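Enquirer: Sharing a structure here in structure tokens format.
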Amino acid sequence: MLRPALIGLAALPGFVAGGCSGTSPPSLPSLPQLTGTVTEAPIVGSPTEVYERVARGAMTCWFGAGGPLKAGYVYHAEAEPPGKGGKAEIVIHERDRLSDNPKGIKAYRIAITPESEKTTLLFENLKLPDTMAKSMEADARRWGAGAFGCSDTEAGGWSENVPATAEPAAAGTKKRPPKKD
């Protein structure tokens, strides 16, 4: 049983010495070119952990101060306890301002489900603009993979730290001077 290991160790000095000599290094076989793109990171954690990260991100980035969904949409979620599998669903509803219940028509849905040993995220865009839905899916996949924080605003996303815009003073009005003691 030690024979293959000894043969490998016996070849090692020759390989190392060959690397120090003036000869060219041994060539490696060429590998096939990879095609396509990797668009999503693997989902990390139990369904409950993934739900917690996605929900936190949605409430901070999408529905937080200055979030793009805060004014016109309502967040609603249901989650099973971990002992029952941890399956969860996040639904974004259009805001219904004419009803006592602000939850209007469903606009976007994220299902978080356990499958074998993995957690799966499923997305359904029902009424949102495609660009917004794609940004939201990218955010939720990032959060599902373990990342935190809002997407980069320079890349067309949004930020939880939206700078407050200063409103211009009305025409013809002056600011009061500071009070003197």
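Enquirer: Scan the stretch 80-120 for residues that are out of contact with any strand residue (DSSP E or B) (no Cβ under 6 Å at 6 or more places or on another chain) and of a type in the set (A, V, I, L, M, F, W, C) and jot them down.
Expert: Across the stretch 80-120, the qualifying residue is only Leu98.
Enquirer: Counting just the residues of the stretch 76-95 that are free of Cβ contacts under 8 Å to residues at least 24 places away in the same chain and buried (at least 18 other Cβ atoms within 10 Å of the Cβ), which one comes out farthest from Leu122 (Cα to Cα)?
Expert: His93
Enquirer: Residues of the stretch 96-152 being surrounded by fewer than 14 Cβ atoms within 10 Å (Cβ to Cβ) and either touching a Phe, Trp or Tyr at 6+ places or on another chain (Cβ under 6 Å) or touching a residue at least 60 places away in the same chain (Cβ under 8 Å) (or both), which ones?
Expert: Lys118, Phe148 - these are the residues of the stretch 96-152 that are surrounded by fewer than 14 Cβ atoms within 10 Å (Cβ to Cβ) and either touching a Phe, Trp or Tyr at 6+ places or on another chain (Cβ under 6 Å) or touching a residue at least 60 places away in the same chain (Cβ under 8 Å) (or both).
Laboratory data are not the source of any read-out in this text; all were calculated from the coordinates shown. Predicted model, so just to flag it, every value in this text is computed and none were measured. Heads up, the Cβs are rebuilt from the backbone with ideal geometry, glycines too, and the neighbour counts pull from every protein chain shown.
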